[in-house]
Amino acid sequence: MSLHEILFIVFSTVVLLFSLMTVLSRRILRSATYLLLVLVATAGIYLWLQYEFMAAVQVALYAGGIVVIIVFSILLTHHIHHRSKPFPPVRVITGLGVAGLGAALTIWAILQHDFHYHEAEPLEVNAKVIGQHLVNTGDGGYALPFEVISVLLLAVLVGAIVVAKKDKANEQTSENK
Amino acid sequence: MNLYDFSSLTQSIHQGLSAMMAPAWVTVTEMVLVGVVFLLFYALVGLALVYIERKVCAFIQNRLGPNRVGPYGLVQTVADLIKLLFKELLMVHKADKFLFNLAPFIVIIASFLAIGALPFAKGLQALDLNVGLFYIISVTSLTVLGILLAGWSSNSKYSLLGAMRSGAQVISYELSVGMSLLTIIIFSGSMQLSVIVDSQADGWWLFKGHVPAFIAFVIFLVASTAETNRGPFDMAEAESELTAGFHTEYSGIKFAFFFLAEYMNMFLAAALAATVFLGGWQPLHFGGLEAFNRVMDFIPPLVWFFGKTFALIYIIMLFKWTFPRLRIDQLLTLEWKYLLPINLVNILVVSWVVLKGWHF
């Protein structure tokens, strides 16, 4: 067994194990921590594939961004330290069934797919390549998704400000009380 | 051109190892070697920084500072470390044990991952990714998770308040750090740290990039000081209000981990500023002064790198001991109403400068 295979087995074991623990843990903050380990190990798999840009995006966006937001919002809720109640057996069985079905479908799709082995040199994804693809309207360009996402983000930001902004009339009445 | 090239040294070590064992074992051995070297480096720089901070603080407050253990108190921090190692590890009643123990490790691993990508000299860089700068930004963003988990799992109101403040602060200032570094990515056209350093062989970006580079440099210094939770932005710890903030309940070596990680993050911020804005290990060169440039070339790159880094660390320490602590609303106002808009406009200006070819 080569070093390459050992690394893959280590990373995928971490991903599988902690994915399960994320779902099965009864404490919500621990679930978030296990999720962090899953996402970091996924970044490890990207590094293993010599796809450094994706690994950095994975860590910055998911581990450093989304998990932080999740933990932050958990800390703002009540009763974090409570353990969630065990589920009724009907839900456990349906959950297991759906998970098994999904796994079976994925494994079937992977086994059906005819993988080709390539000897080609890996494409170096540097700042220039990323920049050109990001604002390219032609083949392999991401100009449209980039713009759509920016409009979406703008809408979300405006929405967040509207939600966070206190109503002036309400504020005054509450102060008068 | 380069008198001190470390790539021949690393190459010869690699060949020496390859002659002795199988390729897989060579990789494993090299990983262990690099890990041990970085661990030593981490501990040494941490100890040195604590000593320097205490001396600088004493100098500013007109005191002598540590001066009993060893000449000029040089061994004081070693004695402190031994004391911390022997201290009892306290466990808070009803604290979440697993998260409580995990949190210091997340903080220290995040800073350790980032240190590995720094270019110390030509060929002396453990991890030269083509997205190096982005990699450093992304792994340092893991620190805040360790702080949040430490704050909650301590089961103490001071810790939780400190962690929440720190979370808001780090998430906001991360934006400014990333954007100020983006200006240099636009200038040099690369995110690879070795390429960025090479692009400064004829002059540092701070000078070549005119005013926009200088604005980005100042913003980077302010924002990275805030991101490392150091004074005047140390509301996460604020001794006078929160005892010690998120690490109130930690003792012994686990407390030392947080302490060390804070200092290493400061070193990382200064080293990154030195690499990106001040030419990293490149010597100081002036156009037209050939004799001067030749003399400068003889100074080893490690001296240049650490000289610049420690000069910046001294500036960051001056911030801490001369400015009063900001309030949380002032802190967020500074970031969202001043630094971020200035940064966005600055990036537009930089793009215009690069398009017109006005930079040197």
May I ask you to verify whether B:V107 is within 14 Å of chain A (Cβ to nearest Cβ) and under 26 Å from the mean Cα position of the chain (by Cα)? yes
Do you know which residues across the stretch B:87-114 are modelled with pLDDT of 85 or more and either among the small types (G, A, S) or surrounded by fewer than 13 Cβ atoms within 10 Å (Cβ to Cβ) (or both)? B:A103, B:A110, B:S111, B:A114
Got a sec? Which helices (runs of 4 or more DSSP H) wholly within the stretch A:1-65 have at least 1 residues that are within 19 Å of B:L102 (Cα to Cα), within 9 Å of another protein chain (Cβ to nearest Cβ) and among the aliphatic types (A, V, I, L, M)? A:28-48
Matching residues in the stretch B:49-105 - criterion: being among the β-branched types (V, I, T) and in contact (Cβ under 8 Å) with a residue 60 or more places away in the chain: B:V50, B:I52, B:V56, B:I60, B:V92
Among the residues of the stretch B:17-63, the number that are more than 14 Å from chain A (Cβ to nearest Cβ) and either at pLDDT 85 or above or touching a strand residue (DSSP E or B) at 6+ places or on another chain (Cβ under 9 Å) (or both) is 31
Subset of the stretch B:315-360 [of a type in the set (D, E, K, R), surrounded by fewer than 17 Cβ atoms within 10 Å (Cβ to Cβ) and either assigned to a helix (DSSP H, G or I) or modelled with pLDDT of 85 or more (or both)]: B:D329, B:K337, B:K356
Counted residues, the stretch A:123-141 - those being more than 9 Å from every other protein chain (Cβ to nearest Cβ), at negative phi and part of a loop (DSSP other than H, G, I, E, B): 7
For the stretch A:84-97, state whether one or more residues are aliphatic (A, V, I, L, M), within 30 Å of B:T143 (Cα to Cα) and more than 11 Å from chain B (Cβ to nearest Cβ). no
Within the group B:V197, B:V131, which residue is over 14 Å from the mean Cα position of the chain (by Cα), aliphatic (A, V, I, L, M) and either under 22 Å from A:A43 (Cα atoms) or within 11 Å of chain A (Cβ to nearest Cβ) (or both)? B:V131
Which of the residues spanning the stretch B:77-134 are outside any loop (DSSP other than H, G, I, E, B), closer than 23 Å to B:T228 by Cα and of a type in the set (V, I, T)? B:T77, B:I106, B:V107, B:I108, B:I109, B:I115
Could you list all residues from the stretch B:146-173 that are within 24 Å of B:R325 (Cβ to Cβ) and at the interface with chain A (Cβ under 9 Å from one of its Cβ atoms)? B:L148, B:G151, B:W152, B:L160, B:A163, B:M164, B:G167, B:A168, B:V170, B:I171
Of (1) in a helix (DSSP H, G or I); (2) surrounded by 13 or more Cβ atoms within 10 Å (Cβ to Cβ), B:A291 satisfies all except one. Which? (2)
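The values are calculated or read from the model by the stated rules, or taken from the named source; none is laboratory data. All of these numbers come straight from a predicted model, not from anything done at the bench. Note that we place each Cβ from the backbone using ideal geometry, even for glycine, and neighbour counts take in every protein chain shown.
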